[in-house]
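*Asks:* Mind looking over this structure? Questions follow.
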Amino acid sequence: MSRPNILLIHADQHRFDCVGANGHPFIRTPALDRLAAEGMRFTHAFCPIPLCVPSRNSLMFGQWPSQHLAIANWGTEAPRPAREGLPAFSQSLRAAGYFLGYVGEWHVHPEKDPTAYGFHEYVPEAAYDSWRAAQGIAPRPRTNRWFGEVDPFIGLESSRLAWGADHIVRMLETCARGRQPFFIRWDPSEPHLPNVVPEPYASLYPSERIPPWPSFPDPLAGKPFIQAQQRRTWGIDGWTWAEWAPIVGRYLGEITLLDAQVGRILEALDRLGVSETTLVAYTADHGDLCGGHGMIDKHFVLYDDVTRVPLLIRWPGQIAPGSQCDAFVVHSLDLASTFCDVAGVPIPETFRGQSLLPLLRGATDNGRPDVFAMYHGNQFGLYSQRMVRDRRWKYIWNATAEDELYDLERDPGEVRNLAAMPAYRAELNRLRARLVAWMEETGDPLLNYWTRGQLIDGKKG
């Protein structure tokens, strides 16, 4: 079989539950629903870390953040790039003869752009502002800070999302005329806050129609201090759902605007006659609180709101239409390995993910009984967390704060912290031992004599 084309659409901060096919009761995502209907929908895909720079480095280099060492965003206490010399999946694809194109935000290295990692063409998202100014359009408004607003100066066609999709379609048109396989990647900033959205999308979901997330309200009883401080720092402490609902509405509206552009790209694949030879993957670097637990953005927590991500893959002739995969997936690590496997090139020995190819072809089990995630801190300072989650239980080890234990079967919103309750001590100990085993396996530098005592020897409450 000739090498397939690959198209990756990698959004920023898209919650798992904000896709129609994933069960949202009213959001309009016909293009993403089409991908699910024509391909495979993953129900348990998780990010290795709910933070932009580390997650995107994990996708490029196929490693956990504690291994590639890009553990925080720029402008924080730990703004370092990944270790030098790590192979990227994109370099392997280029060596195999692929054309590589990249449109959108980068967030992998502060000085090197995608062309340093094998991409032939790179269109940075910052170029949209210049394009917008050249069209005589006023800059995007920012009067409501991070909470979003209507962009009154544009329509759908001049939105940043439409501009990005235009470049993707242009690259597809060029590639379809040649004989070289392609890997094209679109990384829109959306639906990351602030959601500055044109009409009619800004008003598509009226506030009165939007119910609270399962995690709202959350009194944060028995939870780490930093979570309540996060509310105070953002100035949202005590907000009611009536105050959150307009923000959530714009977030959902921007997802529908993004979906419309995904639809345009799928139609271009059809028009150009390359749909049957192209694997299309849609996912996001991490999720979004957006009012979940009464918080905003994603920091200092490892709730499903931010760790669980949508993952949809279509590959005609290889994936049975309408498939559902319930296996645990670490999406960025596994995608890095998958792209190499699909392209028929060796997976670098430094990669730590699993190829999804067996699952795409119908396997139901990848041998993972659970999934893990981590966090190291960001704009509020350094703060170490590790997570293990299985089908029912989630344990979060906060190295310098209260631990968290949630029964996901009885408490899917992760509101009631059970970690300090004697009745759950056996479950807590089981998950702590499982976490230590994973940290040993991955060479996590946070595991040492002192922290092992917390987890194994009962030196923590």
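*Asks:* Please give the per residue accessible area of region 344-411, computed with a probe of 1.4 Å over protein heavy atoms only, in Å².
*Replies:* With all protein chains present, region 344-411 gives 41 Å² per residue.
*Asks:* Just flag the chymotrypsin sites (Phe, Trp or Tyr not before Pro) in region 72-138 sitting in loop per DSSP whose Cβ has no more than 14 other Cβ atoms within 10 Å.
*Replies:* Answer in residue order: 74.
*Asks:* Report the accessible area of residue 69, computed with a 1.4 Å probe over the heavy atoms of all protein chains in place, in Å² rounded to the nearest 10.
*Replies:* 50
*Asks:* Calculate one ³J(HN,Hα) per residue across region 401-413 by plugging θ = phi - 60° into the Karplus curve 6.51 cos²θ - 1.76 cosθ + 1.60, and present them in order as whole Hz with x for glycine and proline.
*Replies:* 8, 4, 6, 10, 9, 10, 8, 5, 6, 8, 9, x, x
*Asks:* Compute the distance from the alpha-carbon center of region 417-432 to that of region 110-150, in whole Å.
*Replies:* Result: 46 Å between the Cα centres.
*Asks:* So, one more: For region 128-143, what does the Karplus curve 6.51 cos²θ - 1.76 cosθ + 1.60, with θ = phi - 60°, yield as ³J(HN,Hα) per residue in whole Hz, taken in order and with x for Gly and Pro?
*Replies:* Couplings: 4, 4, 5, 4, 4, 5, 5, 7, x, 9, 4, x, 4, x, 9, 7 Hz.
*Asks:* Right, next: Would you mind pulling out the separation of the Cα centroids of region 41-79 and region 254-275, in Å?
*Replies:* Using only Cα atoms, the two centres lie 27 Å from each other.
*Asks:* Let me ask something else. Accessible area per residue, 1.4 Å probe, Å², for region 289-341: what's the number?
*Replies:* 15
*Asks:* Working with all protein chains in place, sort 15, 430 by solvent-accessible area computed with a 1.4 Å probe, largest first.
*Replies:* 430, 15
*Asks:* For the chain, which whole-number percentage of the solvent-accessible area (1.4 Å probe, protein heavy atoms only) is attributable to carbon and sulfur atoms?
*Replies:* 53
*Asks:* By the scheme Lys and Arg +1, Asp and Glu -1, what is the net charge of all other residues having a beta-carbon under 13 Å from that of residue 73?
*Replies:* With Lys, Arg at +1 and Asp, Glu at -1, the net is -2.
*Asks:* Please figure out what share of the DSSP beta bridges in the chain is antiparallel and state it in percent, rounded to the nearest 5.
*Replies:* 45
*Asks:* Hey, another quick one. How far is the Cα center of region 332-368 from the Cα center of region 164-215, in Å?
*Replies:* Between the Cα centre of region 332-368 and that of region 164-215, the gap is 26 Å.
*Asks:* Here's something else I'd like to know. Using helices alone, I'd like the mean residue ellipticity at 222 nm for the chain: each DSSP H run of four-plus residues gives -39500 (n - 2.57), total over residue count, nearest 500.
*Replies:* So the helix-based figure for the chain works out to -9500 deg cm²/dmol.
*Asks:* Still on this model: What list of ³J(HN,Hα) couplings, whole Hz, do you get for region 450-456 from phi and the Karplus terms 6.51, -1.76, 1.60, once you set θ to phi - 60° and write x for glycine and proline?
*Replies:* Per residue, the Karplus-derived 3J(HN,Hα) values read 6, 6, 4, x, 4, 7, 10 Hz.
*Asks:* Using amide H atoms built 1.01 Å from N in the peptide plane, name the residues 5+ places from residue 11, or on other chains, whose amide H lies under 5 Å from its own.
*Replies:* 283, 284, 285
*Asks:* Subtract the Cα-Cα distance of residue 133 and residue 402 from 0.36 nm times their separation in residues, and report this length gain in nm to one decimal.
*Replies:* 91.9 nm
*Asks:* Separate question: Long-range amide H contacts for residue 325: which residues qualify at under 5 Å (H placed 1.01 Å from N, peptide plane, sequence gap of 5 or more or a different chain)?
*Replies:* So residue 325 has HN proximity to 41, 42, 43.
*Asks:* Send over a whole-number figure in Å² for the accessible area per residue of region 137-238, probe 1.4 Å.
*Replies:* 45
The values are calculated or read from the model by the stated rules, or taken from the named source; none is laboratory data. If you're wondering where the values come from, they're calculated on a predicted model, not measured in any experiment. Ideal geometry is used to build each Cβ from the backbone, glycine not excepted, and the neighbour counts take in all protein chains shown. When the accessible area is computed, the model is the full protein with side chains, heavy atoms only, and any ligands, DNA or RNA have been set aside. Shrake-Rupley method; radii C 1.70, N 1.55, O 1.52, S 1.80 Å.
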